[in-house]
Each structure stands twice: as C-alpha cells, then as structure tokens.
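The block underneath contains the structure these notes are about, expressed in structure tokens.
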Amino acid sequence: MSAQGFHGLKRQVPLKVADGRRPLGVLAALPEELGDLVAAMRAQSAVESITLGRREYHVGLAYGVPCVVTLARVGKVAAAATVSALIHVFDVEAVVFTGVAGGVGDAVRVGDVVVAQTLLQHDLDASPLFARFEVPLLGRTHFAADARLTAQLANACEQFLAQQGAALAARFGVSDVSGTSSTRLPQLHQGLVVSGDQFVASASAHAALKMAVPEALAVEMEGAAIAQICYEYGLPCAVVRTVSDTADHAAPASFEAFLATLAASYSSGILQHFLVAYQPQPAGS
Ligand code: ADE
C-alpha cells in the first residue's frame, strides 16, 4: 500500500491488525537498533508495509502482539514526525522506542541497559524567556515515561540480561574501545535519559552535559521528543537504550563497533521478552 489514500489509512489499518485491538507502535532510529523484529513478524504472519513520509511502517503481529514497526531515522524532528504518524495514521495504543545511547551516569558502562523513567531535551534553551530545558508553552522540562509500560520493559530487560548478560559481556571487548573491563556483567539502570540533536563525543561536551543535568544516565537523540509528543496526546510511551559508548572522545569508534556487533542482539532480545509478556493497555485508557 502507498501513502495515497492517507485519510483512509487511519480507519483501515488498525482493523487489519487484529480483532479491533489497537496496535503497539515500536520504533528505533537505525536498522541495527530495531534488531530482527520485522523479520520475526514476517516469520509469524503476513506483514503489510506502508510507505509514508519516506518511512516504511510494517503492520502485523510480533510475538502475538499487533504492532506497527518503523524506523524514525536520527534526531528529534525525525522522531517527533514518526511518532505523530504512528498516532494519527495507525492509531497506536502506546509507543516503545529501542536503541543505543551514550552513557553519562557515573555507574553506567558500555553494554549496560538504561530504561527511561523521565526524559528531557538537553539542547532546548529559550532562556531568559523560559527556564532552561523548558518546552515553551507546555510549562515543563521533564516528560515521564508511562509507569506500567516502563515496568514491563524493565522486566524484559532484566530477563534478557539474566539470560544473555554473561555471553554479551564476553563480546564487549570487540566493541568497547574505551578500555572498560570486559568481565563486568551488564546492568540495568532506570532514571533520566536526555536527548538532543548532537552526538556527544568529547570530554568537554560530556562534562558540560553532566554539569547541566547531573542526574542524567544516558544521552541520545530521540527519546525526549517522543515522550513530549506522547504527553501531548496522552499516549503511554517507554524508552530503552543500550549503552554503546560513554559520550567522550572514544564515542564515535565505540558507537560504530557496538552498532555493528551488539546493538541488534540487545534490541532483538529485549523486544522478544517484552512482546511475549506484553499486557495491552487497560480498556478505556
Ligand atoms: N547515541 C549513542 N551514543 C550517543 C552519543 N554519544 N551522543 C548522542 N547520541 C548517542
């Protein structure tokens, strides 16, 4: 199906997914960050792929859950536009974002997993008109991930790390060019994830970010934009990030190696655990 007939899509697509159940939106920025999810959907049942705004939206069942799966591409604008289409065209009941991030929390290492409880745009600054980080006219700096969906996602991460953590740790040496020990088991962290339209890749940028937002655990380029749009539409969202680098001088090489070797294993495994146990949104929410 093409984008033609845009207005018809909103009514048609969700009904095709399954028995009137609204689908779950699942997205990532880059293909490696989505893992094998679309292939797993195709192996399970028919998948309809719809092109809209230069993105492909894959509609079908993933581990029994009606889903619309897509790639946002990189940055806050791309993320906001994509999640907007998921809401308006595909009528998703909730949104889950998966991908990699730079670790900035003191205890956060390459290979760890961070699940967002709140998100903030670290590059948003309309001061002195508005407080630093405040989204003008929304009156808030932080956007909360949905507690119920986030608990499901964190459970999936815990299960995944319990099963795969040791095997993954043995592979860190391949990707972690910053010299972090490869024997430590990957850990799950929950807290603040910050987003901006910058790849943070120097000691000075890392230090400035920590000074500005000391409680940040991870930095990436999409999550807070998704959380803002979901807040505006009253839709639950959850964000999980695997730490590919530590947002310093070694970040470009660490990011590229992690993306090439490990990102897909994390996303595939976490999403499988999450979707197998997925509890849909309560009726009427
Ligand atoms: N995603 C992964 N690593 C990142 C970094 N260092 N800065 C921004 N986004 C990232």
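The values are calculated or read from the model by the stated rules, or taken from the named source; none is laboratory data. None of the values given here were measured: they were computed from a predicted structure. Methodologically, a virtual Cβ is constructed for each residue, glycine included, from the backbone with ideal geometry; neighbour enumeration extends over all protein chains shown. Note: accessible area is taken over every heavy atom of the protein model, side chains too, but ligands, DNA and RNA are not part of it. Shrake-Rupley method; radii C 1.70, N 1.55, O 1.52, S 1.80 Å.
General remarks:
- Top-ranked residue of the stretch 134-167 - restricted to ones that are part of a loop (DSSP other than H, G, I, E, B) and of a type in the set (A, V, I, L, M, F, W, C), ranked as nearest to the chain's Cα centre (by Cα): 145
- Subset of the stretch 204-223 (residues that are within 12 Å of the ligand (Cβ to nearest atom) and assigned to a helix (DSSP H, G or I)): 205, 206, 209, 223
- Scanning the stretch 234-255 for residues that are under 27 Å from residue 127 (Cβ atoms) and part of a helix (DSSP H, G or I) yields a count of 0.
- One residue alone among 40, 101, 78 is open to solvent by less than 10 Å² (accessible area, probe 1.4 Å) and either at pLDDT below 95 or on the phi < 0 side of the Ramachandran plot (or both), and that residue is 101.
- Exactly one residue among 216, 203, 238, 227 is buried (at least 18 other Cβ atoms within 10 Å of the Cβ) and in contact with a His (Cβ under 8 Å, 6 or more places away or on another chain), and that residue is 216.
- Within the stretch 233-268, the set of residues being closer than 18 Å to residue 116 by Cα and more than 10 Å from the ligand (Cβ to nearest atom) comprises 234, 235, 236, 237, 238, 239, 240, 266, 267.
- Count - residues of the stretch 182-200 that are part of a loop (DSSP other than H, G, I, E, B), more than 13 Å from the ligand (Cβ to nearest atom), in contact (Cβ under 8 Å) with a residue 60 or more places away in the chain and open to solvent by 20 Å² or more (accessible area, probe 1.4 Å): 2
Results for (1) among the hydroxyl-bearing types (Ser, Thr, Tyr); (2) away from the ligand (no atom under 16 Å from the Cβ), shown as yes or no for each residue.
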position	(1), (2)
28	no, no
43	no, yes
52	no, yes
65	no, yes
71	no, no
79	no, no
84	yes, yes
97	no, no
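- Selected residue (only one of 73, 132 is of a type in the set (Lys, Arg) and closer than 21 Å to residue 209 by Cβ): 132
- Residues (modelled with pLDDT of 95 or more and more than 30 Å from residue 277 (Cβ to Cβ)) located in the stretch 158-202: 196, 197, 198, 199, 200, 201, 202
- Listed by first and then second residue, the pairs linking a residue in the stretch 102-116 that is under 8 Å from residue 217 (Cα atoms) to a residue that is within 13 Å of the ligand (Cβ to nearest atom) and polar (S, T, N, Q), with Cβ atoms under 6 Å apart and 6 or more places separating them unless they lie on different chains, are 103/246.
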